[in-house]
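Here's the structure we're looking at; comments come further down.
The values are calculated or read from the model by the stated rules, or taken from the named source; none is laboratory data. None of the values given here were measured: they were computed from a predicted structure. Glycine gets a Cβ as well: all are built from the backbone with ideal geometry, and neighbour counts include every protein chain shown.
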Amino acid sequence: MRHGLLILLGLLAVAWFEFQVYPGHSCLRGETQLLVPMLERLDTPGFLSRDLVASNPTFAYTIYDEITQSLHVLARVGFERALLWQQILFRLAAVIGVFLLARALKVSPLGALLITAAVNAITHLAAPQAFVTNPDPNPGSFAVGLVLLAAGLMANHMPLLGGLAAGLALVYDPVTAAAFWLVLAAAWLFDKSQRRLLRPAWLALVIFSLILGNLVQLQSGLGTGQEITARMSEAMVHLTQIRTPWVWVTHWMGRGILTYKFLLVAGIWALARIWHHADRITKWITLGLAASGSVSVAVSALLLLDRAQFAAAMTPSRNLAFTVALSVLLCAAASWHAAQKRNWAQSLPWLALVLAAILNAQVLDLLHGQLDVVQSSPEPESLRALAQWAAQDTWGSSLFQFPDAGKSDDPGIFRALSKRALWADWRSGEIADYSDQAGQEWWARWQSELTLRLPIDYYVLERSHQLSGVKPVYENSRYIVYDAQDLREHR
């Protein structure tokens, strides 16, 4: 009893550290900057009616919105808190999953805790927009945690629980969860000795596949009616290459894939060194998930050659997170077993690989200027005050523009906090991955010359760009807001 309690406290400590300290957590700093306005629009259609992003929700293939809205209504909390609760749960799921995988590799509880901490310390990867531990509470990050939990449960011969975790991952993010189910399918087809063990998992797959099918039928999906199975037009290809170049794996694969190939080879080698410590299903899961990232990159490249919109919208290359997580897990386990035998000549090189993977992520964070993404960054009080004023003192259908914001995240954060529409901001361009029509509309707005003839109600400027002779309707230490009608009259 005491031993189990100590393990639980250790897992909670690891989860607390990676949630509060490094890599931390955030909201409205990544994909949620677009997802929260979509949720607000679905919840209260009277708001954000003129916003391009909020009017084109992308929830057709996920249960993310239903669960978040249910928490919002039943617990009477805001969407940010509802997402935070889910993030805590699924980040803990990832911690437990890695611990169970390490235990399945016959690592002691203490060693498994250390390995869990190491794997969860890996954040931003060499592949753009790919994370092992993602601070942003989006569907993909939730699914990664659930898949790792499913892998740990399955490796410890708990197929029904593992299937339920993987099934929930399927309805959060089908592409991320597909890696796990394909590994189980391969084990079923090519290893008859595992069929009895895997049988309960298929019931969970059937149930959650039916749920996903119903979601697709019932969801409002994309407001423009763009089909996810469509082929991208020339204009859409050009726009996504400009606005979301990370989905085009052929652009970064040449220089970035070598890291993943090296880690995959190291993981396979490490598994070979501890082969007798793992049973057959553990070998299937660790090796299969480790390889799934490279397979997903190849599939993504082939789909993009055919201009399949699916590859841009779902970004299969994000599954490289499994290549890194499982390879580091295997290298750490190999180091631990060698250390147990006091074979330091083998243990230390494996440990060096683990540390290199962690440090590589941190160095990339610095070089790519990603610290604002991977660390908790609360919004400035001036921005929150501006959003509060807009929410209280302007019409719900008001349209705002930040002319001097450039590519800053501030306009998108303002939209989510205030529930007020934006004319065009840089982050909104990511809608091009899902809809040709919405993407082209955003591009036209982004490139258009700002004139007072546009249907914009309020202009928000930095205080350093304050206009003379025009009285602002709101100001604080950083922002000045002008009513468009006042500007027209002043002109």
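Quick notes
- Residue 14 meets the stated requirement of being of a type outside the set (S, T, N, Q), in the same structural domain as residue 146 (by TED's automatic domain parsing), in contact with a Ser or Thr (Cβ under 6 Å, 6 or more places away or on another chain) and crowded, with 16+ Cβ neighbours inside 10 Å.
- Which listed residue, of 297, 265, is part of a helix (DSSP H, G or I), among the β-branched types (Val, Ile, Thr), under 28 Å from residue 115 (Cα atoms) and touching a helix residue (DSSP H, G or I) at 6+ places or on another chain (Cβ under 7 Å): 297
- The listed residue being at pLDDT 90 or above, within 22 Å of residue 34 (Cβ to Cβ), over 31 Å from the mean Cα position of the chain (by Cα) and not basic (Lys, Arg), out of 458, 474, 482: 458
- Meets criteria (surrounded by 17 or more Cβ atoms within 10 Å (Cβ to Cβ), under 20 Å from residue 173 (Cβ atoms) and touching a residue at least 60 places away in the same chain (Cβ under 8 Å)) for residue 285: yes
- Residue that is farthest from residue 105 (Cα to Cα) [pool: residues in the range 249-277 that are among the β-branched types (Val, Ile, Thr) and surrounded by fewer than 17 Cβ atoms within 10 Å (Cβ to Cβ)]: 250
- Odd one out for residue 280 among (1) at pLDDT below 90; (2) surrounded by fewer than 18 Cβ atoms within 10 Å (Cβ to Cβ): (1)
- Qualifying residue in the range 38-58 (condition: surrounded by fewer than 19 Cβ atoms within 10 Å (Cβ to Cβ) and in a helix (DSSP H, G or I)): yes
- Scanning the range 85-102 for residues that are crowded, with 20+ Cβ neighbours inside 10 Å and out of contact with any Leu (no Cβ under 9 Å at 6 or more places or on another chain) yields 87, 91.
- Residue check, residue 337 surrounded by fewer than 19 Cβ atoms within 10 Å (Cβ to Cβ) and in contact with a helix residue (DSSP H, G or I) (Cβ under 8 Å, 6 or more places away or on another chain): no
A quick yes/no check of all residues on (1) in a strand (DSSP E or B); (2) touching a strand residue (DSSP E or B) at 6+ places or on another chain (Cβ under 8 Å):
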residue	(1), (2)
450	no, yes
468	no, no
481	yes, yes
487	no, yes
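- In the range 311-326, the qualifying residues are those that are aliphatic (A, V, I, L, M) and over 13 Å from residue 264 (Cα atoms), and the one that is surrounded by the fewest Cβ atoms within 10 Å (Cβ to Cβ) is 313.
- Those helices (runs of 4 or more DSSP H) lying entirely in the range 75-184 with at least 2 residues of a type in the set (S, T, N, Q): 79-104, 109-120
Residue by residue, here is whether (1) touching a residue at least 12 places away in the same chain (Cβ under 8 Å); (2) of a type in the set (Phe, Trp, Tyr); (3) farther than 22 Å from residue 352 by Cβ; (4) touching a Gly at 6+ places or on another chain (Cβ under 8 Å) holds:
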| residue | (1), (2), (3), (4) |
| --- | --- |
| 252 | yes, yes, yes, no |
| 259 | yes, no, no, no |
| 265 | no, no, no, no |
| 271 | yes, no, no, no |
| 276 | no, no, yes, no |
| 299 | yes, no, yes, no |
| 304 | yes, no, yes, no |
| 311 | yes, no, yes, no |
| 319 | yes, no, yes, yes |
